[in-house]
Amino acid sequence: MGKAAKDPTDQFHYIKNRIQMLNQVVSSMDADQVDMDDFNRVLEMIQQLNMKMERFKKDWEANQ
């Protein structure tokens, strides 16, 4: 999946790319045809993004 993002700039680029990917997924969905699987897929992506952001936040706090 690539090298680990260690410095704040790389970490922010990683988060930015994940948000763009999430936006693409959500934008491609038809609101009239979304089912529970679609909802759960988006929810899982958001939860994974949140976990990554919390990990990066700890890195940033440790380096201040």
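Observations, loosely collected:
- The sole residue among Lys58, Lys16 that is over 16 Å from the mean Cα position of the chain (by Cα) and among the basic types (Lys, Arg) is Lys58.
- Filter pass, Asp37 being assigned to a helix (DSSP H, G or I), surrounded by 10 or more Cβ atoms within 10 Å (Cβ to Cβ) and acidic (Asp, Glu): no
- Flag for Val25 being under 12 Å from the mean Cα position of the chain (by Cα), surrounded by 10 or more Cβ atoms within 10 Å (Cβ to Cβ), modelled with pLDDT of 95 or more and not hydroxyl-bearing (Ser, Thr, Tyr): yes
The values are calculated or read from the model by the stated rules, or taken from the named source; none is laboratory data. Just so you know, these numbers come straight off a predicted model, no measurement behind them. When we count neighbours, we look across all protein chains shown, and the Cβ atoms used for this are built from the backbone with ideal geometry, even at glycine.
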